[in-house]
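Structure first, commentary second.
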Amino acid sequence: MVKFLSVASATIALVQVCRGSYVSKMPHNSKTLLTESMEWMDKFYDTDTGYLRWVLSNSAFHHETRSSAWYAVGLLARNKGNDVVNAEKIINNIIDAQFKDPEDQWYGDYQQEPEEPEVGSPAYPPSIYGSWDPNWRAFVGTTFIIALEEFESLLSNITVDHMLASLRNATIGDTYRVGGVDGDNYYASYSNPAIMGAFMSGWTGHRLNDTNMTRTGEEFGKEIIDLFAASSNTLSEFNSATYTGVSLLALSLWGKYLPSDSIMAQHGPSMIRYTWEAIGDLWHPQLRNLAGPWDRSYGFDTTHYFSLLSLHLWNIVGKDYSALPESPQTLSHADDFTYAPLFAVLGKYHNSLIPKHVVQKLKTFSGEHTYNTSIISPAYDLGQYRNITAWLAPNISIGAETFDEVEIGGPRQTQTQFKPAVIQWQTGAEIGFISLWPTEKAATIVATPGRLNITYPYGTSSSIFSFIVSTFSSKPTIKRWEDIPGLSVNVTGNVNGTFDLSFAGLFGGQDETVYDFEFWNLTYAVPAGFTGSPNIVLGVAISE
């Protein structure tokens, strides 16, 4: 009896030591990232339902599935009080609501919110990226895998079995996705879900000893790797402060959790290093932004919207060197802060792969330089590469992308996200920006020191050049380029000499805001009867 009590006491003591020990062993930056994000999310957790309430102010007290899964990983990492119990409750709730009818296109996917009606019911018809999001198979699935890899010992056998069954369904469901079919855009060039999906298939196949799943993951992984190499060792979903963040996280999964004979495990680490080399050249520490162009963005200035790249920067060089303010949840798109626990958990591994000279570039501006590369998204680019040029100098950057595509709006075919020409500068009080609003399927855009040169090779006399220009606290009303603080702008080309001016404001104006950003719109037209290729050149310089 005494011996039994001793063993029991030792077991209890071991559990107590293990509680919180995971966090204590994390690097300092990762620890602060986890702690701050969890303390914020704790306020949104609904213990009655076992879901995180949607953190956005326009959610009307609804809950949200994906952020709940991310929060569950944070609970397992923290492991205090009822954290593990709550994590299991969340995980099992999400799995119980998973779509399980193999006849449905959304089979194996996860609800976006527990309040939603049945997808495919008369009043709630299926709409890809609407009533259901195919990427959530991989977002939630990879989260479950991280939970299993890092914290399986904390979970009950029943929960583990449920997670593996759920991953099987999600992986099979992912095979229903074919780029160009049923409204889906699931190509290797859609970098972030592709990298996650290939990993989920490979990992689940290995865990369940399903060779078909393993082979599917490896084959798709090779397609992604080959495209990465063809794109000058860069991501086809190029230079997105949000989705480069996702892709880098997913590549960490390739390197950390797949067996050494996996082609993904063999290439993931080098793809991370190559991607950070590009980021090191494009990140401007004085502006706390990536220089343009941006294939996809949720705004025009990452000091005003939450970007997932900032979570990597927090991990690597600390919060103060990222684009985040003291209270990140005050930014636009702040719901991405709920992704933070996964970044914190993978931070130590991911950081070990980043070259030291790149880390220094993330903290201190390396001096005036240019950057160029070429990328391709075969399903969207008409037989030629998108050529990237950028120029960075003290307190200013210009980025440009030449493209010829099947539709307007870049590879993702969204005008609001595609920013093929961007100028940013330090006004002294804030970051100013000028961004070309895409209106053409093709453009030759080149950035050189102090110049942004834009030509429409297939343009006509009806073509326009619309520039989205930031608002300025020191100059609330602008009427001409000369009103813009901190930057002199000289416009030349074969466009009309005057522009149409409009405003997009939260409370009025002729235009609608874009991702919460207010802006001025300066639009140049081409002279009536013009023949040839419309062209405009912006010459810029920092001014007092």
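What follows draws every value from the coordinates through simple rules; no lab data is involved. Just so we're clear, the structure is a prediction, and the values are computed from it rather than from any experiment. Quick reminder, even Gly has a Cβ in these numbers, built from the backbone with ideal geometry, and neighbours come from all protein chains shown.
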Legend entry - Nearest-20 debye value, segment 363-542 charge dipole, Cβ charges on Lys, Arg, Asp, Glu: 320 debye
Legend entry - For segment 358-365, 3J(HN,Hα) per residue [Karplus equation, 6.51 cos²θ - 1.76 cosθ + 1.60, θ = phi - 60°, Hz, x = Gly/Pro]: 6, 4, 5, 5, 6, 9, 10, 4
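Could you tally the net charge around Pro411, taking each other residue with its Cβ under 11 Å from the Cβ of Pro411, Lys/Arg +1 and Asp/Glu -1? List each step's numbers first, then the result.
Working: positive: Arg296, Arg386, Arg412; negative: Glu237, Asp295, Asp381, Glu401, Glu405, Glu407.
Every neighbour counted, the sum reads -3.
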Legend entry - Among 39-52, 496-509, the order from most to least packed when residues are scored by Cβ within 10 Å on average: 39-52, 496-509
Inset, instruction - Quick one: angle between helix 340-351 and the longest Cα principal axis of the chain, in degrees between 0 and 90, rounded to 10, please. - result: 80 degrees
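For segment 328-464, what is one quarter of the convex hull surface built on the Cα atoms, given in nm²?
Details: hull surface 44.6 nm².
Computing the convex hull of the Cα atoms and averaging its projections yields 11.1 nm².
Treating the beta-carbon of each Lys and Arg as +1 and of each Asp and Glu as -1, no other charges, what is the dipole magnitude of the chain about its Cα centre, to the nearest 20 debye? It would help to have the intermediate numbers written out before the result.
Details: 34 positive and 56 negative charges, 353 e Å.
Magnitude of the dipole: close to 1700 debye.
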Legend entry - Label assignment, log10 I(q)/I(0) by the Debye sum over Cα atoms at q = 0.07, 0.09, 0.11 Å⁻¹ derived from the structure, set [x] -0.42, -0.68, -1.00; [y] -0.63, -0.84, -1.00; [z] -0.56, -0.89, -1.14: [x]
Legend entry - Rounded to the nearest 20 debye, dipole of segment 299-374 from Cβ charges on Lys, Arg, Asp, Glu: 380 debye
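Looking at this model, which pairs from Lys43/Lys89; Lys319/Lys361; Lys43/Lys348 are more than 24 angstrom apart at the alpha-carbon?
Values: Lys43/Lys89 17 Å; Lys319/Lys361 15 Å; Lys43/Lys348 27 Å.
Over 24 Å apart, Cα to Cα: Lys43/Lys348.
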Inset, instruction - Starting from the Cα-Cα distance between Asp320 and Ala165, subtract it from 0.36 nm times their residue separation and give me the gain in nm to one decimal. - result: 51.6 nm
Legend entry - Label point at Asp516 placed 7 Å out along Cα→Cβ; residues across segment 280-314 whose backbone nitrogen lies under 16 Å: 297-311
Legend entry - Cα lying deepest toward the dipole's positive end in the chain, options Ala165, Ala541, Phe238, charges on Cβ: Ala541
Legend entry - Lys/Arg +1, Asp/Glu -1 at C-beta; the chain dipole; positive extreme among His312, Val406, Gln329: His312
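In nm, what is the difference between 0.36 nm times the number of residues separating Ser533 and Ser156 and their Cα-Cα distance? Please list the in-between numbers first.
Numbers: separation 377, 0.36 × 377 = 135.72 nm, distance 6.60 nm.
Result: 129.1 nm gained on full extension.
How large is the translational diffusion coefficient of segment 87-183 in µm² per second when you combine the Kirkwood radius over alpha carbon pairs with Stokes-Einstein at 10 °C and 1.306 mPa s? Could the numbers behind the result be given before it?
Working: Rh = 13.9 Å.
Estimated via Stokes-Einstein, D reaches 114 µm²/s.
R0 = 45 Å: FRET efficiency of Ile542 with Leu208, Cβ-based, nearest 0.05?
The pair Ile542/Leu208 has a calculated efficiency of 0.20.
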Inset, instruction - Taking the dipole about the Cα centre of the chain, with the C-beta of Lys and Arg at +1 and of Asp and Glu at -1, give me whichever of Gly508, Thr389, Thr523 is farthest to the positive side. - result: Thr389
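If each DSSP helix of 4+ residues adds -39,500 (n - 2.57) and the sum is divided by the residues in the chain, what number results at 222 nm, nearest 500 deg cm²/dmol? The partial results should precede the final answer.
Values: 14 runs with 200 residues, N = 544.
Taking each H run of at least 4 residues, the total per residue is -12000 deg cm²/dmol.
Mind running the shape call on segment 303-351? Use the C-alpha gyration tensor, a ≥ b ≥ c as the square roots of the eigenvalues: rounded below 1.5 for a/c, prolate if a/b tops b/c, oblate otherwise. Mind showing how you got there, number by number?
Numbers: a/c = 2.49, a/b = 1.50, b/c = 1.66.
Oblate is the answer for segment 303-351, as a/c is 1.5 or above yet b/c matches or exceeds a/b.
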Legend entry - Tilt relative to the chain, helix 83-96 - C-alpha long axis, 0 to 90 degrees, to 10: 70 degrees
Legend entry - Estimated vicinal HN-Hα couplings, Hz - segment 105-118 in sequence order (Karplus 6.51, -1.76, 1.60; Gly, Pro = x): 4, 9, 3, x, 7, 10, 3, 8, 8, x, 7, 6, x, 5
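Taking the Cβ-Cβ separation of Lys43 and Thr460 as r and a Förster radius of 41 Å, what is the calculated FRET efficiency to the nearest 0.05? Mind showing how you got there, number by number?
Values: r = 54 Å, r/R0 = 1.32.
Calculated transfer efficiency: 0.15.
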Legend entry - Sequence ranges 298-309, 93-104, ranked by mean other-Cβ count within 10 angstrom, highest first: 298-309, 93-104
Legend entry - Inter-centroid distance (Cα atoms) of segment 467-544 relative to segment 197-246, Å: 40 Å
Inset, instruction - Mind listing the long-range amide H neighbours of His284? Cut-off is under 5 Å, sequence gap 5 or more, other chains count too, H placed in the peptide plane at 1.01 Å from N. - result: Asn289, Leu290, Ala291
Inset, instruction - Could you calculate the FRET efficiency of Phe61 with Thr416 from 1/(1 + (r/R0)^6), where r is the beta carbon distance between them and R0 is 35 Å, rounded to 0.05? - result: 0.80
Inset, instruction - Normalising by the residue count of segment 400-544, find the relative contact order in percent from Cα pairs under 8 Å and 6+ residues apart. - result: 26 percent
Legend entry - Alpha carbon centroid spacing (whole Å) that separates segment 84-101 from segment 263-331: 31 Å
